[in-house]
1. Looking at (1) in a helix (DSSP H, G or I); (2) open to solvent by 70 Å² or more (accessible area, probe 1.4 Å), which is the one condition that is false for ARG120?
2. Go through the residues of the stretch 21-33 one by one and say whether even a single one is open to solvent by less than 50 Å² (accessible area, probe 1.4 Å), of a type in the set (Val, Ile, Thr), touching a strand residue (DSSP E or B) at 6+ places or on another chain (Cβ under 8 Å) and modelled with pLDDT of 95 or more.
3. Out of the stretch 7-55, which residues are assigned to a loop (DSSP other than H, G, I, E, B), among the polar types (S, T, N, Q) and under 19 Å from ALA94 (Cα atoms)?
4. When the residues of the stretch 56-68 are filtered to those that are outside any loop (DSSP other than H, G, I, E, B) and of a type in the set (A, V, I, L, M), which remaining residue is least open to solvent (accessible area, probe 1.4 Å)?
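The values are calculated or read from the model by the stated rules, or taken from the named source; none is laboratory data. On a predicted model such as this, the values are computed, not experimentally measured, just so you know. Backbone-built Cβ (ideal geometry, glycine too); neighbour counts: all protein chains shown. Heavy atoms of the whole protein, side chains included, go into the accessibility calculation; ligands, DNA and RNA do not. Shrake-Rupley method; radii C 1.70, N 1.55, O 1.52, S 1.80 Å.
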Amino acid sequence: MSRPPKIPESVLVVIHTPALEVLLIERADRPGYWQSVTGSKDATDEPLLTTCMREVAEETGITVGSATVPLAALRDWQLANVYEIYPVWRHRYAPGVTHNTEHVFGLTVPSGTPVVLSPREHLQHQWLPWREAADRCFSPSNAEAILHLPRWLGERGG
């Protein structure tokens, strides 16, 4: 059974602690490719917050809206990146789709928040200081989002 084509609209969720330690996860289909949580909408009318919550839960086991990670900890940064889809992943989209729109969010979690990866999607995780995390990301838009983290939090009070 083949999957329907991916929707070329996604979320990027930078998960971090108040001390600006950033969670990165290593892709199972591309070892050595480290990233924040990313994922496409399941339906064109799926709200972006729903996409974020679903992807964070699927990829890390963290439940947004729980007692330790309230919904208010998830912030829409009002940033959208449009980028060319890497050729290696274009087969997942409808024929002719070459670009994706990625909406950037931040999620503040307590230090020591447990992470449970989906082994089909990710090999391992690590918490890194924000600059080191940005350097580790393979995606330029992911690295750029992480580099904006201290300024974004400072401007918006966390």
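1. The failed condition is (1).
2. Yes, some residue in the stretch 21-33 is open to solvent by less than 50 Å² (accessible area, probe 1.4 Å), of a type in the set (Val, Ile, Thr), touching a strand residue (DSSP E or B) at 6+ places or on another chain (Cβ under 8 Å) and modelled with pLDDT of 95 or more.
3. THR44
4. Across the stretch 56-68, the extreme among qualifying residues is VAL56.
Rundown of residues vs (1) farther than 23 Å from ALA28 by Cα; (2) touching a residue at least 60 places away in the same chain (Cβ under 8 Å), yes/no style:
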residue: ARG54; (1), (2): no, no
residue: THR63; (1), (2): no, no
residue: GLN78; (1), (2): yes, no
residue: SER111; (1), (2): yes, yes
residue: ARG120; (1), (2): no, yes
residue: LEU123; (1), (2): no, yes
residue: ASP135; (1), (2): no, no
residue: LEU149; (1), (2): yes, yes
